[in-house]
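Heads up: the structure comes next, in structure tokens.
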Amino acid sequence: MSDSDPDLADLRQSVIDALAAGRTAAQVYDHEGRLRWVSEQMLQLAGADPETEVGHGMHVDEGLELPVWRSMLTEETRAQLRRDLGRRLDPGADLPPVWVSTVALHLAHRERPVGMLGLSVRTRDGTLAGTATVFAPLLPARVLALVSEGDEAMFTRMADLTEPGRRPTAVLFADIDSSGPLSRRLPTPAYFDLIRRFTTAFDDLVARHGGIVGKHAGDGASAFFLAEDGESPAARAALAVALALPGEMEAIVADLADAGVGVEACRVNLGVHWGADLYIGQIVTGGRLEVTALGDAVTECARVEHVATGGQTLASKPLVERLTPDDAAALGIEPLHLTYRPLGELAGDDGKAVRDAGTLAVVDLTRPA
């Protein structure tokens, strides 16, 4: 049976269609060991673009020596793949149609173990049509279930920041007003429930508006909105979250009150600022995956949020003036009618705010309840 046989080609295509629909990191080789297909996810993992030579039509022995695969697949993994495919391509081999190997990939500057699932593909009469290899994380199902609860679009945005660099970004900081007295007044389980609900609402809003959640520390949270589609959309997204979060907090308090928890008034203090060239990237360790940003604007935004009291939403002049008239109108903001004040005038005895951002012009966008 030749490689051009319709039965063989159709069978391989059905496998390719299934793997593509499953959004797997996968490859398909024909019955002679030549690479016929690489999934989009596999290309993204390898850092390949449409111009990258990945070895379509090349035998596995030759193709795996291309730079794209040498940089991603460890030497041991390439040797394992050659051995596995070589055994399966032997017409006289009597081997199970499915096999699993533990291999290692170079991802995000680290060597990471993954599972390589192999599948022998045969035609209806039993003729070998080729093999498919799928690379998957070696994680228990319950861990994968937790990961899958996250927002896929946000995870994708985080994945795009593998290489840190300078990026114009809107920054948002938030925390619960007077949380210390509140934590002492409420039973610990009730206070934990409040923080969990607040964190969930914050993350959901950030995801909905195309942002990336930063660090969570106690009752505080941060987020970044990259100016990939322009400065005004990023500024608008950050302000949209800031203006919506107080209403979300009111709903949380109402739900807790209905459940008999005496939360009473609980407000969120917010600071929103613009960073023209923040240095942003991933921090990936054995215990966490997060995106962080460094730069003066991050420190300034933290000081703005710290000065905000009683549920204020303070936005910086550099941020608000990034808005186009249409984006400002969509937020219900009239930039020409705003009056700014130096943060130092609002800071009182907050020496850090005066030192780090005392001259920064801010405006109170707090809306009446």
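Of note:
- In the set (1) free of Cβ contacts under 8 Å to residues at least 60 places away in the same chain; (2) surrounded by fewer than 24 Cβ atoms within 10 Å (Cβ to Cβ); (3) of a type in the set (Gly, Ala, Ser), Gly281 fails one condition alone, (1).
- Looking across region 138-179, the residues that are under 21 Å from Ala234 (Cα atoms), in a loop (DSSP other than H, G, I, E, B) and modelled with pLDDT of 75 or more come down to Glu163, Pro164.
- Count of region 60-81 residues which are in a loop (DSSP other than H, G, I, E, B) and either hydroxyl-bearing (Ser, Thr, Tyr) or surrounded by 15 or more Cβ atoms within 10 Å (Cβ to Cβ) (or both): 3
- Residues in region 326-336 that are surrounded by 12 or more Cβ atoms within 10 Å (Cβ to Cβ) and in a helix (DSSP H, G or I): Asp327, Ala328, Ala329, Ala330, Leu331, Pro335.
- Flag if Ala353 is loosely packed, with under 14 Cβ neighbours inside 10 Å, over 19 Å from Ala237 (Cβ atoms), more than 30 Å from the chain's Cα centre (by Cα) and not basic (Lys, Arg): no
- Region 203-228, subset within 11 Å of Ala170 (Cα to Cα) and hydrophobic (A, V, I, L, M, F, W, C), residue farthest from the chain's Cα centre (by Cα): Ala227
- Criterion: within 23 Å of Leu245 (Cα to Cα), in contact with a strand residue (DSSP E or B) (Cβ under 9 Å, 6 or more places away or on another chain) and of a type outside the set (D, E, K, R) - qualifying residue of Leu331, Leu360, Leu319, Leu323: Leu319
- Matching residues, region 222-250, being among the hydrophobic types (A, V, I, L, M, F, W, C), touching a residue at least 40 places away in the same chain (Cβ under 8 Å) and either in contact with a Lys or Arg (Cβ under 6 Å, 6 or more places away or on another chain) or assigned to a helix (DSSP H, G or I) (or both): Leu226, Ala234, Ala235, Ala237, Ala238, Leu239, Ala240, Val241, Ala242, Leu243, Leu245, Met249
- Region 300-325 - residue that is touching a Lys or Arg at 6+ places or on another chain (Cβ under 9 Å) and farther than 28 Å from Ala265 by Cβ and, of those, surrounded by the most Cβ atoms within 10 Å (Cβ to Cβ): Arg322
- Scope region 184-194; condition modelled with pLDDT of 85 or more and either among the acidic types (Asp, Glu) or in a helix (DSSP H, G or I) (or both); matching residues: Arg184, Thr188, Pro189, Ala190, Tyr191, Phe192, Asp193, Leu194
- Residue check, Ile280 in contact with a Lys or Arg (Cβ under 6 Å, 6 or more places away or on another chain), assigned by TED's automatic domain parsing to the domain that holds Val241 and of a type in the set (A, V, I, L, M): yes
- The residue list Ala254, Ala240, Ala265, Ala293 contains one member that is modelled with pLDDT of 95 or more and farther than 14 Å from Asp364 by Cα, which is Ala240.
- Some residue of region 286-297 being touching a residue at least 40 places away in the same chain (Cβ under 8 Å), of a type outside the set (A, V, I, L, M), in contact with a helix residue (DSSP H, G or I) (Cβ under 9 Å, 6 or more places away or on another chain) and part of a loop (DSSP other than H, G, I, E, B): no
- Unique match (being of a type outside the set (Asp, Glu), surrounded by 14 or more Cβ atoms within 10 Å (Cβ to Cβ) and touching a residue at least 40 places away in the same chain (Cβ under 8 Å)) among Gly165, Gly214: Gly214
- The set of residues from region 339-349 being part of a loop (DSSP other than H, G, I, E, B) and surrounded by 16 or more Cβ atoms within 10 Å (Cβ to Cβ) comprises just one member, Ala347.
- In region 84-112, residue surrounded by the most Cβ atoms within 10 Å (Cβ to Cβ) [restricted to those that are farther than 18 Å from His59 by Cβ, modelled with pLDDT of 80 or more and in contact with a Ser or Thr (Cβ under 6 Å, 6 or more places away or on another chain)]: Val103
- Applying the criterion of being surrounded by fewer than 20 Cβ atoms within 10 Å (Cβ to Cβ) and among the small types (Gly, Ala, Ser) to the residues of region 225-239, the residue that is farthest from Ser183 (Cα to Cα) is Gly230.
- When Glu250 is tested against (1) farther than 27 Å from Pro335 by Cβ; (2) surrounded by fewer than 17 Cβ atoms within 10 Å (Cβ to Cβ), only condition (1) is not met.
The values are calculated or read from the model by the stated rules, or taken from the named source; none is laboratory data. The model shown is predicted, which means the values in this text are computed figures rather than measured ones. Don't worry about glycine lacking a Cβ; one is built from the backbone with ideal geometry, like all the others, and counts go over all protein chains shown.
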